[in-house]
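Take this structure, written in structure tokens, and hold onto it; I'll ask about it next.
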Amino acid sequence: DPRGALLRSLTEMNQMLGMIASMEAHGAPTELDLSKPEVNWWYTPTMEQHPYVLPDPTLPLTKPTDHAHDWNTDGKANVEKVVTLLADHGMTMSVANMTKPDIGMPVVKVVVPGIRHFWPRFAPGRLYEVPVKMGWRDTALTELELNPTPIFW
């Protein structure tokens with residue numbers, strides 16, 4: 001779902017905007033200590049160093065409206081769609097109700113064995129296999145190649 005991916009990436013970007021205000025309040029560092037991951041993250045990247053953020057030059061440019069977006073406001077239907085998508089790839093979903101009665105807000109914990117969190121937990125599996133299965137790579141990346149620019153929090 002490219003449209004959903006775009007919306008999620010914008011959401012993630014907006015979550016980082018608070019850091020920009022904090023940096024502006026404290027001023028840019030006078031010396032760039034490149035041993036600090038956050039300094040590398042905010043002050044030194046270039047498109048040449050991170051070509052994965054650019055569009056694939058072999059594909060035609062598209063707009064979000066060019067892609068199907070069949071998610072809706074029916075939470076049950078959306079969950080059923082995710083369960084079906086996971087099943088199509090041989091995965092299952094486990095859900096635990098973590099709601100606390102005194103808070104009054106529904107909370108669940110969802111676990112899908114085989115899916116990896118964005119934190120650097122690089123056990124064998126999906127992170128290595130999917131790019132090859134999708135035809136994006138001829139061979140799997142090594143652990144050292146997998147995430148050369150980790151998020152620092």
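The values are calculated or read from the model by the stated rules, or taken from the named source; none is laboratory data. The structure presented is a predicted model; accordingly, all values stated were derived computationally and were not measured. Every residue, glycine among them, receives a Cβ derived from its backbone with ideal geometry; neighbour counts consider all protein chains shown.
Within 20 Å of Pro2 (Cα to Cα) and of a type in the set (Val, Ile, Thr): does that describe Val79? Don't jump to the end; show me each part of the working.
Numbers: within 20 Å of Pro2 (Cα to Cα): yes; of a type in the set (Val, Ile, Thr): yes.
Against the criterion (within 20 Å of Pro2 (Cα to Cα) and of a type in the set (Val, Ile, Thr)), Val79 qualifies.
Give the residue that is modelled with the lowest pLDDT, with candidates limited to residues of the stretch 112-150 that are closer than 19 Å to Leu86 by Cβ and touching a Lys or Arg at 6+ places or on another chain (Cβ under 8 Å).
Out of the qualifying residues, it is Arg116.
Answer yes if at least one residue in the stretch 94-113 is in contact with a Gly (Cβ under 9 Å, 6 or more places away or on another chain), among the β-branched types (Val, Ile, Thr), within 30 Å of Thr142 (Cα to Cα) and touching a residue at least 24 places away in the same chain (Cβ under 8 Å), and no otherwise.
No, there is no match, as no residue in the stretch 94-113 is in contact with a Gly (Cβ under 9 Å, 6 or more places away or on another chain), among the β-branched types (Val, Ile, Thr), within 30 Å of Thr142 (Cα to Cα) and touching a residue at least 24 places away in the same chain (Cβ under 8 Å).
What are the pairs with Cβ atoms under 8 angstrom where one residue, in the stretch 60-76, is among the charged types (D, E, K, R) and the other, located anywhere, is assigned to a helix (DSSP H, G or I)? Sequence gap at least six, or different chains.
Asp70/Lys81
Within the stretch 72-118, how many residues turn out to be in a loop (DSSP other than H, G, I, E, B) and not small (Gly, Ala, Ser)?
The total comes to 22.
Conditions tested, residue by residue: (1) closer than 30 Å to Gly135 by Cβ; (2) surrounded by 10 or more Cβ atoms within 10 Å (Cβ to Cβ); (3) in the same structural domain as Pro131 (by TED's automatic domain parsing); (4) at pLDDT below 75.
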| residue | (1), (2), (3), (4) |
| --- | --- |
| Arg8 | yes, yes, no, no |
| Thr11 | yes, no, no, no |
| Met16 | no, yes, no, no |
| Met23 | no, yes, no, yes |
| Glu31 | no, no, no, yes |
| Leu34 | no, yes, no, no |
| Glu38 | no, yes, no, yes |
| Met47 | yes, no, no, no |
| Leu59 | yes, no, no, no |
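Could you list, in sequence order, all residues of the stretch 61-90 that are surrounded by 11 or more Cβ atoms within 10 Å (Cβ to Cβ), more than 27 Å from Gly125 (Cβ to Cβ) and of a type in the set (Gly, Ala, Ser)?
If the condition is that a residue be surrounded by 11 or more Cβ atoms within 10 Å (Cβ to Cβ), more than 27 Å from Gly125 (Cβ to Cβ) and of a type in the set (Gly, Ala, Ser), then Ala77 is the only one that fits.
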